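The values are calculated or read from the model by the stated rules, or taken from the named source; none is laboratory data. Since we're looking at a predicted model, the values are computed, not measured. Here the Cβ is made from the backbone with ideal geometry for all residues, glycine too, and neighbour counts use every protein chain on show.
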Amino acid sequence: MIRLRSFAATARQARSWLAAAATVVVSIGGGATVFACPVCFAAEETTMINGTKIGVLVLLAVTLVVQGAFVGFFLYLRKRAKHIADVELDTEWSELQRATR
């Protein structure tokens, strides 16, 4: 138990040092120009920027549709497994009832 506590304390220290280092790096080199590409920084709304925004939205939509399809597939499998289990239970129960007569 003592080793777990010391490990947790060490992990907490490492996280705090990492957060401090990240804060220093961002504050030193993190001006607004670092976060924007040269085309988008201080640019007006042009067709290139609008096209980029639409492209990002399309990529997000495709990603969400694929993830939704996975979720739907696994929900279908769960429903099908429940149905098969119910059918097997009903079959077994009817066989047991016939055997007792």
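Summed over segment 27-57, the residues that are at pLDDT 70 or above and not in a loop (DSSP other than H, G, I, E, B) give a count of 13. Total residues in segment 43-84 satisfying the condition of being more than 31 Å from the chain's Cα centre (by Cα) and surrounded by 10 or more Cβ atoms within 10 Å (Cβ to Cβ): the figure is 2.
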